[in-house]
Amino acid sequence: MKLLFCLLLSVTGAISLQDFVEEFHALKLEKTELKFIEKYKSSKSVAVKAYVYAVQMKQAEHTMNPIKKIKIFKKYKNQFDALIKANPTNVHARYMRLVIQEKMPSFMGYNNFIAEDKKILKRYLSGSSKKTYLEQYIKKNTSL
């Protein structure tokens, strides 16, 4: 009986991907970003990992040391790119990477996947006849 209760609790306590994406876009403070990372960092979902890597990369903004900024950014950028290489059709990962690349200063040199990510996201946007929550975020937060 306890096992059944635990299973039921874990299923009903699960957050939808839409709610998760909304939670991500509501992040404003370093404190909430750190809570977000801690809450989701062990997820096995490719989409969730993409958003966590994006927030981890953003943590570079919160340090004054330029060497540390670059080190933080590169660490998670490499993990993020490896995630996309292993899951090239994941729309959430492509969306997050495009957002990051378009917001990055060009001197950081993280803009070599913009055309590729846009191509995949354009295909996604043109292929769905039903409007989804993700389409709204893509159009609002990228140049598409």
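Odds and ends about this structure:
- The listed residue being more than 28 Å from THR132 (Cβ to Cβ) and modelled with pLDDT of 95 or more, out of GLU61, GLU30, GLU23: GLU30
- Some residue of the range 88-96 being touching a Lys or Arg at 6+ places or on another chain (Cβ under 9 Å), over 20 Å from GLN18 (Cβ atoms) and without any contact (Cβ under 8 Å) to a residue 40 or more places away in the chain: yes
- Subset tally (residues that are closer than 18 Å to LYS58 by Cα and of a type in the set (Val, Ile, Thr)) for the range 115-144: 1
- Within the range 124-133, the presence of at least one residue that is of a type in the set (D, E, K, R), at pLDDT below 95 and closer than 23 Å to LEU17 by Cα is confirmed.
- Within the range 70-98, tally of residues that are open to solvent by 30 Å² or more (accessible area, probe 1.4 Å) and of a type in the set (Phe, Trp, Tyr): 1
- The set of residues in the range 114-132 that are open to solvent by 50 Å² or more (accessible area, probe 1.4 Å) and either of a type in the set (A, V, I, L, M, F, W, C) or in a helix (DSSP H, G or I) (or both) comprises ALA115, GLU116, LYS118, LYS119, LYS122, ARG123, TYR124, SER126, GLY127.
- Considering the range 99-113, the residues that are part of a helix (DSSP H, G or I) and open to solvent by 30 Å² or more (accessible area, probe 1.4 Å) include one that is nearest to GLU30 (Cα to Cα), namely LYS103.
- Among residues of the range 41-77, those that are within 23 Å of THR89 (Cα to Cα) and either outside any helix (DSSP H, G or I) or under 11 Å from the mean Cα position of the chain (by Cα) (or both), counted: 17
The values are calculated or read from the model by the stated rules, or taken from the named source; none is laboratory data. Predicted model only: the values in this text are computed from it and were never measured. Here the Cβ is made from the backbone with ideal geometry for all residues, glycine too, and neighbour counts use every protein chain on show. Areas reflect the complete protein model, heavy atoms only, side chains present, ligands, DNA and RNA absent. Shrake-Rupley method; radii C 1.70, N 1.55, O 1.52, S 1.80 Å.
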